[in-house]
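The values are calculated or read from the model by the stated rules, or taken from the named source; none is laboratory data. This one's a predicted model, so the numbers in the text were calculated from it and none came from an experiment. As a convention, Cβ positions derive from the backbone with ideal geometry for all residues, glycine included, and neighbour counts pool all protein chains shown. To get the accessible areas, we keep the full protein, side chains included, count just its heavy atoms, and leave off ligands, DNA and RNA. Shrake-Rupley method; radii C 1.70, N 1.55, O 1.52, S 1.80 Å.
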There are 2 protein chains.
Amino acid sequence: MSDAEQTRQNILTVAADEIHQHGFKATSLSVILNRCEISKGALYYHFTSKIELGYAVFEEVYTPMFLNVWQTPLTVDDPIEGLCDFLTSMTEQMSCSEVVCGCPLNNLCEEMANVDEGFRLRILCMQEQLNQMIVDALERIRGDLRENLAFSQVGYFIVATLNGATSLSKSSRNKLLFQQVIAELCLYIRALKK
Amino acid sequence: MSDAEQTRQNILTVAADEIHQHGFKATSLSVILNRCEISKGALYYHFTSKIELGYAVFEEVYTPMFLNVWQTPLTVDDPIEGLCDFLTSMTEQMSCSEVVCGCPLNNLCEEMANVDEGFRLRILCMQEQLNQMIVDALERIRGDLRENLAFSQVGYFIVATLNGATSLSKSSRNKLLFQQVIAELCLYIRALKK
DNA sequence: ATAATAACCAACCGCTCGGTATGTTGCAAG
DNA sequence: CTTGCAACATACCGAGCGGTTGGTTATTAT
């Protein structure tokens with residue numbers, strides 16, 4: 001990797017972390033510059049504006065991370081148990097920063113979706129992709145599931161509940177409420193089976 | 001009501017609307033001053049700082065509004081149907097601004113819970129109150145419900161899912177996803193009965 | 001040897017923000 | 001009649017923000 005590309009990747013990584021911790025608007029470029037030990041000129045050489053940097057972080061850091069994390073549990077033999085194991089292990093592995101900072105995608109959705117159209121469309125696209133992955137997994141085992149299930153509706157329901165659960169852990173500052181919601185969500189998911 | 005109290009109430013109302021629309025940090029005091037047609041001196045006569053104004057909005061506007069909205073469907077004869085009717089009517093009555101702006105409590109939770117302890121504790125208290133209302137309603141009809149239900153867990157699950165549903169409507173900018181999640185949530189709630 | 005370009009750096013700019021210090025007005029008590 | 005306080009208004013402050021401008025350096029092509 002060239003020096004320039006290395007610099008760019010470093011900016012993206014640091015910016016992703018800052019945005020995750022403080023949100024997009026509250027993320028200060030000067031903090032990113034300090035952490036990367038570069039000047040403002042360097043940042044504006046690689047990115048034309050703060051918001052373009054935000055878009056790049058979304059597309060090049062958050063999106064691949066997200067798709068990668070969800071793909072494994074959904075492509076396993078039994079996606080129902082895959083999902084439940086995945087969600088349960090989330091509650092165990094959840095670091096302190098994740099309890100406090102929440103999910104990057106959900107955070108950006110809350111903060112930016114109604115302010116900036118560029119962010120909104122990217123977030124929407126990501127949510128639709130995630131939903132489609134769930135739908136695909138459910139359809140793959142539709143024989144094992146109850147009749148009359150609206151797969152897309154179920155998918156969005158699962159995603160919504162998970163987001164709401166991270167929201168609850170922000171205010172309680174511990175995993176307990178999150179774990180409870182996830183436990184109940186797993187009950188719901190397992191009840192999808194016949 | 002005295003003139004001074006009138007001024008104070010006016011500030012609270014306008015601030016509540018601004019915070020709902022733009023979040024706490026992005027809410028500008030000067031905008032509030034313009035809308036209220038008062039000076040900065042007037043605002044700082046009634047409130048010692050921006051954050052104290054925020055607390056006052058939470059306690060004197062959001063909290064009573066919230067408790068009032070939830071009490072009705074939960075104290076009805078059949079809280080299961082009360083809840084479902086309540087949620088369904090939300091999807092119908094939902095104004096355009098509510099689709100875009102989301103729930104004030106959830107917004108503040110996402111934005112401020114991990115930044116300011118004063119907000120965090122107030123939000124947590126509100127969430128616990130809401131959960132307790134749901135738990136009380138469920139216990140009142142526990143004879144009609146399935147065995148082995150963890151009422152508190154169910155309460156937080158419902159709240160979490162509702163919050164997640166409003167989040168989804170922010171990115172899609174329409175009611176459709178919200179309606180789907182609520183529809184699935186009602187299926188879940190009705191399935192609590194034997 | 002020189003010209004051009006990529007990859008930066010340092011200094012500065014206008015703007016908005018929350019907050020403060022001081023000034024003013026009207027009314028009510030003594 | 002004046003004193004005093006409640007209820008404001010006006011003007012200003014420093015800090016931090018995103019963004020711009022004008023260099024500077026090292027590498028590469030001619």
Looking at (1) within 15 Å of the chain's Cα centre (by Cα); (2) at pLDDT below 95; (3) open to solvent by 40 Å² or more (accessible area, probe 1.4 Å), can you tell me which one A:M94 breaks? (3)
Going through (1) under 15 Å from the mean Cα position of the chain (by Cα); (2) hydroxyl-bearing (S, T, Y); (3) away from every other protein chain (no Cβ under 13 Å) one by one, A:T88 fails only at (1)
Taking region B:19-36 and keeping only residues that are within 14 Å of chain A (Cβ to nearest Cβ), in a helix (DSSP H, G or I) and near DNA strand C (Cβ under 10 Å from one of its atoms), one is left with B:H22
So which residues in region A:163-184 are more than 7 Å from chain B (Cβ to nearest Cβ) and open to solvent by less than 20 Å² (accessible area, probe 1.4 Å)? A:T166, A:S169, A:F178, A:I182
Any chance you could count how many residues in region A:97-125 are modelled with pLDDT under 95, in contact with a His (Cβ under 7 Å, 6 or more places away or on another chain) and more than 9 Å from chain B (Cβ to nearest Cβ)? 0
Single match in A:L162, A:L138 (criterion: under 20 Å from A:G82 (Cβ atoms), in contact (Cβ under 8 Å) with a residue 60 or more places away in the chain and assigned to a helix (DSSP H, G or I)): A:L162
Any hit, region B:4-16, residues being away from DNA strand C (no atom under 16 Å from the Cβ) and in contact with a strand residue (DSSP E or B) (Cβ under 7 Å, 6 or more places away or on another chain): no
Within region A:1-35, tally of residues that are touching a residue at least 12 places away in the same chain (Cβ under 8 Å) and open to solvent by 70 Å² or more (accessible area, probe 1.4 Å): 4
Those residues of region B:1-18 that are more than 9 Å from DNA strand D (Cβ to nearest atom) and assigned to a loop (DSSP other than H, G, I, E, B) come to a total of 1
Region B:126-135 - residue that is in contact (Cβ under 8 Å) with a residue 60 or more places away in the chain and open to solvent by less than 70 Å² (accessible area, probe 1.4 Å) and, of those, nearest to the other protein chains (Cβ to nearest Cβ): B:M126
